[in-house]
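Computed from the coordinates by the stated procedures, all read-outs in this text should not be read as laboratory data. Since the structure is predicted, the reported quantities are computational estimates derived from the model, not experimental observations.
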Amino acid sequence: MPDFSLADWVLLLVVGVAVSLLLLLAVAVAVLLVVAAAFVVAVAFQGVWWLAARAADGVRQLAGRRPGATAATADARPGVWLACHTPVCGHMETLHERTATGALACRQCGQTVTPL
């Protein structure tokens, strides 16, 4: 065994502790980077999911809108577009016709609404 003085042993101990702390710091930084990367991926996935859901809602709303002036429809009777508040119509805007009593009847579910 080499002949070390007390100062050499203290210096060796200080260097060993410093190296151990640096390695521990490197592991902690690596763990934090992995957690941050997982968080970024989760937020990005949530954002893409949110955008896809909004796009699907927009497509559903466009599909439920009244046809354009150039679209040929089999049923060209006049009507009024109103929100139909039934689960059958999904609380969406549907075409309502005037009845003989002046009420409005939904063409899809048949529910009548008395206008104010």
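Using the rule -39500 (n - 2.57) for each DSSP H run of four or more residues, divided by the residues of the chain, the 222 nm mean residue ellipticity is -19000 deg cm²/dmol. Sequentially through the stretch 83-98, phi angles give Karplus couplings (6.51, -1.76, 1.60; θ = phi - 60°) of 6, 9, 8, 10, x, 4, 8, x, 6, 9, 6, 10, 7, 10, 10, 7 Hz, Gly and Pro residues having no value and appearing as x. Rounded to the nearest 10 degrees, the angle from helix 6-64 to the longest Cα principal axis of the chain is 10 degrees.
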